[in-house]
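Below you will find the structure I want to go over with you.
The values are calculated or read from the model by the stated rules, or taken from the named source; none is laboratory data. For clarity, every value in this text was computed on a predicted model and none was experimentally measured. FYI the Cβ positions are ideal-geometry reconstructions off the backbone, even for glycines, and counts take in every protein chain you see. Just the protein is used for accessible areas: all its heavy atoms, side chains included, with ligands, DNA and RNA removed. Shrake-Rupley method; radii C 1.70, N 1.55, O 1.52, S 1.80 Å.
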Amino acid sequence: MRIFVTGASGWIGSATVSDLLEAGHEVVGLARSEESAQRLQAAGAMVHRGDLDEPDGLAKAATGSDGVIHLAFQHEVAFGGDFPAAAAADRRAVEAMGAALAGSDRPLVLASGLLGLATGRVATEKDGLVPGAEIRANPAGLRAATGLFVLSLRGVGVRSSVLRLPPTVHGDGDNGFMATFVAIARERGVSGYVGDGTNRWPAVHRSDAARLARLAVEAAPAGSVLHAVGDDGVSFREIAEAMGRHLDVPTASVSAADAAEHFAPLGHFVGMDSPASAAITRELFGWEPTGPSLIEDLEEDHYYRRA
């Protein structure tokens with residue numbers, strides 16, 4: 001297959017590109033910069049220059065493909081304080097690529113998130129399929145709505161699926177949530193957690209997420225939801241303790257009232273209890289994570305190397 005991948009030079013995207021190529025697929029990767037284009041070419045992929053603000057170009061690339069994996073999102077815009085603008089750009093991109101694939105029975109895989117999907121209980125692939133009040137009230141609900149739109153494309157002849165990713169996709173080279181928490185603990189001189197630290201986050205190793213993205217574009221049934229989850233729920237106290245051991249700093253509770261100041265800009269997320277299961281995904285694909293767990297990964301030195 002000839003697969004068009006957005007976010008192809010990113011943390012998950014670059015691993016997905018490698019997995020696709022190793023499986024014998026051709027890859028066309030979206031690149032915003034010359035540096036990204038060069039990385040894709042060095043990996044063995046072809047390049048489509050453009051970005052999410054160019055829906056016509058994305059539609060053209062989708063038309064020329066046998067399927068699309070959409071991993072890109074304007075994270076800089078979202079975490080810079082304008083999540084609605086990032087979500088709107090994402091929606092326009094998805095609408096353009098979905099229209100290009102309509103009537104073809106070709107796949108469109110959309111990456112989405114798991115954090116907050118079912119607060120306080122284990123979320124499954126059956127959650128989040130109805131846009132309830134909690135989703136509508138959350139800015140991230142705009143992105144969830146795009147996921148529901150993608151699933152609806154099965155009605156116009158697109159083999160659409162949503163790949164939900166945990167907040168932490170870990171591994172050597174991770175510059176996301178875990179790397180940020182390590183930097184905060186080093187700066188503060190304490191590895192913190194909120195309250196009693198029993199709140200849980202799901203996690204997955206980067207290689208396992210990439211493999212599931214490939215399986216989705218190859219064979220996910222139209223309208224399916226997949227969870228890329230290796231660890232159903234890792235307690236934040238356990239995460240903080242692993243970091244504290246390696247940084248040789250104490251581990252301590254941070255009150256919910258102080259979380260925004262201590263963990264800024266991640267204070268809103270660090271106290272969330274949002275475990276998730278991949279039981280349905282594993283049964284559907286026979287997919288089993290083979291990479292290290294989050295705690296196993298946090299015991300390696302790559303999270304603690306100074307730049």
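Quick one: count up the residues across segment 1-45 that are under 21 Å from the mean Cα position of the chain (by Cα) and in a loop (DSSP other than H, G, I, E, B).
Going through segment 1-45 one residue at a time, the tally reaches 5.
Conditions (1) within 30 Å of Leu108 (Cβ to Cβ); (2) surrounded by fewer than 20 Cβ atoms within 10 Å (Cβ to Cβ); (3) small (Gly, Ala, Ser); (4) touching a strand residue (DSSP E or B) at 6+ places or on another chain (Cβ under 9 Å), marked per residue:
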residue	(1), (2), (3), (4)
Ala219	yes, yes, yes, yes
Ala228	yes, no, yes, yes
Asp232	yes, yes, no, yes
Phe236	no, no, no, yes
Ile239	no, no, no, yes
Ala242	no, no, yes, yes
Val249	no, yes, no, yes
Ala259	no, no, yes, yes
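Restrict the check to segment 102-116 and report whether at least one residue is touching a Lys or Arg at 6+ places or on another chain (Cβ under 8 Å), open to solvent by 10 Å² or more (accessible area, probe 1.4 Å), modelled with pLDDT of 90 or more and among the basic types (Lys, Arg).
Within segment 102-116, one or more residues are touching a Lys or Arg at 6+ places or on another chain (Cβ under 8 Å), open to solvent by 10 Å² or more (accessible area, probe 1.4 Å), modelled with pLDDT of 90 or more and among the basic types (Lys, Arg).
Condition first: in a loop (DSSP other than H, G, I, E, B) and either in contact (Cβ under 8 Å) with a residue 24 or more places away in the chain or within 16 Å of the chain's Cα centre (by Cα) (or both). Now tell me which residues in segment 59-99 satisfy that.
Answer for segment 59-99, where residues must be in a loop (DSSP other than H, G, I, E, B) and either in contact (Cβ under 8 Å) with a residue 24 or more places away in the chain or within 16 Å of the chain's Cα centre (by Cα) (or both): Gly64, Ser65, Asp66, Leu71, Ala72, Phe73, Gln74.
Within segment 271-307, which residues are among the polar types (S, T, N, Q), part of a loop (DSSP other than H, G, I, E, B) and either open to solvent by less than 60 Å² (accessible area, probe 1.4 Å) or over 15 Å from His205 (Cβ atoms) (or both)?
Within segment 271-307, Ser274, Ser277, Ser293 qualify.
Where in segment 124-240 are there helices (runs of 4 or more DSSP H), lying fully within it, with 3 or more residues that are farther than 26 Å from Ala23 by Cα and out of contact with any Asp or Glu (no Cβ under 9 Å at 6 or more places or on another chain)?
Because the criterion is at least 3 residues that are farther than 26 Å from Ala23 by Cα and out of contact with any Asp or Glu (no Cβ under 9 Å at 6 or more places or on another chain), the helices (runs of 4 or more DSSP H) in segment 124-240 that meet it are 133-137, 141-152, 177-188.
For segment 145-184, give me each residue that is surrounded by 22 or more Cβ atoms within 10 Å (Cβ to Cβ), hydrophobic (A, V, I, L, M, F, W, C) and farther than 13 Å from Glu95 by Cα.
Of everything in segment 145-184, those that are surrounded by 22 or more Cβ atoms within 10 Å (Cβ to Cβ), hydrophobic (A, V, I, L, M, F, W, C) and farther than 13 Å from Glu95 by Cα turn out to be Val162, Leu163, Leu165, Val169, Met178, Phe181.
Something else: Under the condition of being closer than 21 Å to Ala93 by Cα, free of Cβ contacts under 8 Å to residues at least 40 places away in the same chain and not charged (D, E, K, R), which residue from segment 20-39 is surrounded by the fewest Cβ atoms within 10 Å (Cβ to Cβ)?
Step by step, filter segment 20-39, then rank; the result is Ser33.
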